[in-house]
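Asks: Please read through the structure below; I'll follow up with questions.
The values are calculated or read from the model by the stated rules, or taken from the named source; none is laboratory data. Bear in mind the structure is a predicted one, so any value in this text is a computation, not a measurement. Positions of Cβ are generated from backbone atoms using ideal geometry, with glycine treated the same way; all protein chains shown enter the neighbour counts. For accessibility, only protein heavy atoms count, side chains too; no ligands or nucleic acids. Shrake-Rupley method; radii C 1.70, N 1.55, O 1.52, S 1.80 Å.
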Amino acid sequence: MVSQSGTPALGAFMTDQQRASLTGQVAVITGAGRGIGAAIARKLADMGAAAVLCGRSRAPLESTAAAIARSGGRAEVAECDVMDLPSVENLAAHVERSFGRLDILVNNAGIGGFGGPLHQMPADAWDKVLNTNLRGVYYCIRSFAPLMIRAGSGHIVNISSLAGKNPLPNGAAYAASKWGLNGLSYSVAEELRTHNIRVSVVCPGSVDTELTPHTGKDPRKMLQADDVAHVVAMLVTQAPQSFASEVLLRPTLKP
Ligand code: NDP
């Protein structure tokens, strides 16, 4: 199977068993219109999950849904702003009505904000970064965890960053949001494991997407969105008795 770009299409190296491993499951992926979220959505749909694609703009979500449909997968588009609690609650109610279950929640939606030193950052820019990258994850867990708790199972995967492990000059708010997300993830993992819900956090280094210009980096050596999708696929297909609570993902060669 070869994609239009001539590179092997997603799923080309999967066995039939891997491809079918999520059949019957439902996955919500935030920020699924492009970049890492789109790659995760395509991967989970390729493995048989019905993918619910969340984002603020409809057109990119439809393009991800169309790619999934072309590969024979199932996807649904859901306009939703993770900064807005009623919007997230409406989506959770819709998922419960339509599917009656949620097996996988991938909290991927995020924004950058690498504009300069913190003392020059406008307060509304700080709010946007924290309200998307951290509050948005809280809203999604608050809205979707009850569905998983009722079922007594589920996976929540939070997409953080190595910026949540290291200092990031000129990106202090972004780093703060991701350090916060890591702390949230470790704590919620302990809260929800008693309900048989596994919460993991993935911390990638720089990925070749539209999030930042990546000036001076060689995109061929950078992590690709599909690399993060691969990690998510591993996390949600572990044997029931274990879970990798945190994955740090680095490029092999320094870009
Ligand atoms: P992109 O900018 O390519 O995509 C971000 C996606 O998030 C878009 O689809 C956007 O859609 C969506 N989004 C943004 N705000 C909201 C919101 N309020 N509600 C719902 N959806 C929203 O970024 P990446 O794919 O690169 O990043 C994805 C995640 O990975 C982020 O959390 C990022 O921090 C993390 N990450 C990225 C790295 C990188 O180098 N690229 C490295 C490490 C981590 P729309 O605007 O239509 O809502």
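Asks: With respect to the numbered conditions (1) among the charged types (D, E, K, R); (2) within 16 Å of the ligand (Cβ to nearest atom); (3) out of contact with any Pro (no Cβ under 6 Å at 6 or more places or on another chain), which one is the sole condition not fulfilled by Lys217?
Replies: (3)
Asks: Do we find that Ser98 is within 13 Å of the ligand (Cβ to nearest atom), open to solvent by 20 Å² or more (accessible area, probe 1.4 Å) and in a helix (DSSP H, G or I) in this structure?
Replies: So Ser98 fails the test.
Asks: Right, another one. Check off (1) exposed (fewer than 13 other Cβ atoms within 10 Å of the Cβ); (2) within 10 Å of the ligand (Cβ to nearest atom) for Leu211 and give me the number that stays unchecked.
Replies: (1)
Asks: Going residue by residue through region 191-207, is there one that turns out to be under 25 Å from Arg34 (Cα atoms), open to solvent by 70 Å² or more (accessible area, probe 1.4 Å) and not small (Gly, Ala, Ser)?
Replies: No: zero hits.
Asks: Okay, next question. Taking region 187-208 as the search range and keeping residues that are free of Cβ contacts under 8 Å to residues at least 24 places away in the same chain and of a type in the set (Ser, Thr, Tyr), which one is nearest to the ligand (Cβ to nearest atom)?
Replies: Ser187
Asks: Here's a follow-up. Considering every residue within region 71-91, establish whether at least one is within 24 Å of Arg142 (Cβ to Cβ), open to solvent by less than 50 Å² (accessible area, probe 1.4 Å) and of a type in the set (Gly, Ala, Ser).
Replies: Looking for residues that are within 24 Å of Arg142 (Cβ to Cβ), open to solvent by less than 50 Å² (accessible area, probe 1.4 Å) and of a type in the set (Gly, Ala, Ser), one finds at least one in region 71-91, hence yes.
Asks: Go over the candidates His195, His214 one by one and state the one that is part of a loop (DSSP other than H, G, I, E, B), over 16 Å from the mean Cα position of the chain (by Cα) and more than 26 Å from Leu102 (Cα to Cα).
Replies: So the residue among His195, His214 that is part of a loop (DSSP other than H, G, I, E, B), over 16 Å from the mean Cα position of the chain (by Cα) and more than 26 Å from Leu102 (Cα to Cα) is His214.
Asks: With the requirement that a residue be part of a loop (DSSP other than H, G, I, E, B), out of contact with any strand residue (DSSP E or B) (no Cβ under 6 Å at 6 or more places or on another chain), among the hydrophobic types (A, V, I, L, M, F, W, C) and within 22 Å of Val28 (Cβ to Cβ), what does region 105-150 give you?
Replies: Answer for region 105-150, where residues must be part of a loop (DSSP other than H, G, I, E, B), out of contact with any strand residue (DSSP E or B) (no Cβ under 6 Å at 6 or more places or on another chain), among the hydrophobic types (A, V, I, L, M, F, W, C) and within 22 Å of Val28 (Cβ to Cβ): just Ile111.
Asks: For region 32-63, give me each residue that is within 14 Å of the ligand (Cβ to nearest atom), part of a helix (DSSP H, G or I) and open to solvent by 10 Å² or more (accessible area, probe 1.4 Å).
Replies: Within region 32-63, Gly35, Ile36, Arg42, Lys43, Arg58, Ala59, Pro60, Glu62, Ser63 meet the criteria.
Asks: Here are Ala67, Ala45, Ala32, Ala27: which of them is closer than 30 Å to Pro169 by Cα and at pLDDT 95 or above?
Replies: Every option except Ala32 fails the conditions.
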